[in-house]
Amino acid sequence: MPSEHDIAFPRLSRSQIDALRRWGHVRAIAPGEVLFKEGDRGFSFYVVLEGAIEIVEQSRGTPHEVAVHGPGEFTGDVDTLSGRAALVTGRATAPGEVLELTAAALRQAVDALPEVGEIVLKAFLTRRTLLLSDGFEGIKIIGSRFSPDAHRLRDFATRNAIPFTWIDLESDEQAETLLRQFGVPASATPVVIGREGRYLANPTVAELGRCAGLEVAIDPSELHDLIVVGAGPAGLAAAVYAASEGLDVLVVERIATGGQAGTSSRIENYLGFPMGISGAELMRNAQLQAQKFGARITLPGTVQRLGIDAGVRVITLADGTKIRGKCILVATGVEYRRLDVARLSEFEGAGVYYAATETETKLCRNEDIVIVGAGNSAGQAIVALSRYARRVHVVARTRDLGKSMSRYLVDRVEQIDNVVIHRGAVVTALEGDGHLQAIRIRDDAGVETRLNTPGLFLFIGADPHTEWLSGCVQLDKKGFVTTGGAVPLEAVRTDLWRAQGRTPFFLETSLPGVFAAGDVRSGSIKRCASAVGEGAMAVSFIHASLDAASPAKDVPTSAK
Ligand SMILES: Cc1cc2nc3c(=O)[nH]c(=O)nc-3n(C[C@H](O)[C@H](O)[C@H](O)COP(=O)(O)OP(=O)(O)OC[C@H]3O[C@@H](n4cnc5c(N)ncnc54)[C@H](O)[C@@H]3O)c2cc1C
């Protein structure tokens with residue numbers, strides 16, 4: 001079995017290098033020459049033919065050697081394909097020669113040469129894991145574990161795989177020293193310290209994304225074949241299939257790639273993973289796969305409006321940016337439902353959470369926590385969090401968990417020693433001062449109980465993310481997007497559709513060229529595999545629509 005180090009730093013054979021030559025060019029390197037540096041984007045990929053390239057990172061304040069690539073070895077990690085800013089610097093340490101491929105050429109090469117592609121992609125993924133486990137600190141987030149803003153920033157960084165070090169004001173002495181060094185009062189926290197000591201006081205997630213080098217430049221004059229709105233399983237699947245079939249694809253995502261699936265601690269029923277797989281890992285692989293085929297992903301960007309301008313479909317982001325596409329795929333999924341109880345918003349991010357990712361797991365170590373809900377996502381969270389929490393109280397409106405939770409999860413949950421199930425119960429009040437300290441629940445016999453807890457996790461269902469489509473495409477009574485045969489007849493008996501000479505395709509909305517897939521679609525099965533399947537299927541209808549395209553004329557524009 002090759003070690004992680006062998007997978008991360010393989011040596012290509014002479015024939016593999018020869019196969020790569022048609023996508024690159026050979027050039028000389030001189031000692032001291034910087035081939036790419038921390039913060040660069042769109043940097044090239046280098047195979048060392050002769051000489052050596054040293055890889056250095058500076059996140060700890062002083063230069064730290066990560067690797068030295070010799071003949072047959074190559075530079076790069078996931079950011080070579082993602083377009084994000086480089087985390088490390090590559091410098092020649094000896095005179096020699098390299099085969100240089102641009103990022104675009106590398107994409108074509110890994111696609112055309114599956115054997116080399118597998119070696120390169122596995123190396124890229126493993127290098128990132130090794131970099132993080134070797135003490136790479138990334139950006140620093142300083143704040144109180146009780147602050148909702150600090151939670152918002154950590155959640156964003158975790159879900160977007162931004163390497164970061166968390167420094168807790170409540171327990172880490174380094175926090176005060178660093179704040180003094182930067183002349184920042186504790187009242188201005190959370191603070192993010194980025195490259196070269198630049199800092200941001202309580203930034204928005206967009207500012208944090210920029211600081212971490214996430215954003216992808218958008219050219220408003222570009223006309224994309226397909227704009228995918230939402231990078232959950234449906235959006236990413238569509239991006240993979242569309243980009244691999246030659247379409248120019250831009251994905252716009254509000255928070256983080258992965259959607260709901262990315263927040264799932266373990267997906268056990270996704271085909272091909274008999275041991276289960278963490279949602280974050282599944283979605284990280286999907287993102288790399290989409291980027292490998294050339295799909296671009298821009299985030300954070302919230303789409304607020306859909307319209308048509310001179311026959312072209314146009315989406316408008318919250319910051320006013322307009323992006324033009326021949327087709328749009330709506331893959332905006334659903335949003336977690338909130339509890340109808342006083343003071344909820346006061347504690348969101350400060351004791352009330354909607355996911356059980358790594359960030360929340362750390363918060364509930366050795367604490368008593370409460371999970372509300374009786375569906376599969378609640379079940380998964382109970383299993384995952386019970387490993388860290390002292391006790392997990394489950395508040396379920398139903399008496400029979402089996403009504404909405406899969407049998408295998410019910411059996412597992414009922415056997416965990418530190419899980420206490422409160423059946424037929426609801427949350428009636430939240431208590432705390434700045435951070436949640438206790439909740440009150442009442443059961444169906446009217447008995448009230450007070451539970452001391454710093455963490456309330458809500459998994460009580462979800463509503464569709466379609467507010468940005470209202471007035472533009474037809475929604476069902478619950479706000480989900482109707483497609484195909486479910487589009488009301490009066491919406492199809494219009495000049496717009498007569499001009500198309502057809503009715504909507506199976507996954508097409510009431511607006512020609514605008515498709516919907518996944519949880520957001522009326523009548524869809526709310527599962528990861530079905531979202532992926534619909535995303536993939538949508539692409540064949542998108543091809544058909546592009547082939548038959550006739551420019552759409554005056555049609556409604558969505559509200560907002
Ligand atoms: C905790 C949890 C555990 C789960 N476990 C399982 C499981 O084990 N097995 C299973 O099959 N299913 C599971 N599910 C359900 C599964 O994850 C969903 O069915 C699936 O993620 C739906 O995919 P989607 O792409 O349609 O939507 P989503 O995953 O909801 O993704 C939609 C994306 O669109 C983005 N977005 C929304 N509005 C906008 C906007 N205006 N502009 C830009 N972007 C926007 C969102 O930020 C999000 O990233 C779980 C769900 C949760 C919450």
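Largest first, the extents of the alpha carbon coordinates of the range 252-402 on the three principal axes equal 58, 42, 29 Å. Aspartates and glutamates near residue 322 by alpha-carbon distance under 12 Å, same-chain residues fewer than 8 away left out - which ones? Reachable aspartates and glutamates: 219, 222, 309.
Here, P(r) means the percent of Cα pairs in each 10 Å bin from 0 to the largest distance; for the range 98-207 it is 13, 35, 24, 15, 12, 1.
The antiparallel fraction among DSSP beta bridges confined to the chain stands at about 60%.
Principal axis analysis of the Cα atoms in the chain yields extents of 80, 69, 48 Å, listed in decreasing size. Distances between every pair of Cα atoms in the range 205-313, grouped in 10 Å steps from 0 to the bin holding the largest one, split as 14, 41, 33, 10, 2, 0 percent.
Name the helices (complete DSSP H segments) of the chain with a Cα length along the long axis of 20 Å or more and a Kyte-Doolittle mean of at least 0.0, or state none. Taking the DSSP H segments of the chain (at least 20 Å long, mean hydropathy at least 0.0), we get 114-133, 528-547.
Protection proxy ranking of 175-183, 104-112, by the mean of other Cβ atoms within 10 Å over each peptide's residues and highest first, is 104-112, 175-183.
Quick note: the coordinates plus some simple rules give every number you see, no bench work behind them. In this text the structure is predicted, and so the values were computed from the model without any measurement. No Cβ is skipped: glycine too gets one built from the backbone with ideal geometry, and neighbour counts run over all protein chains shown.
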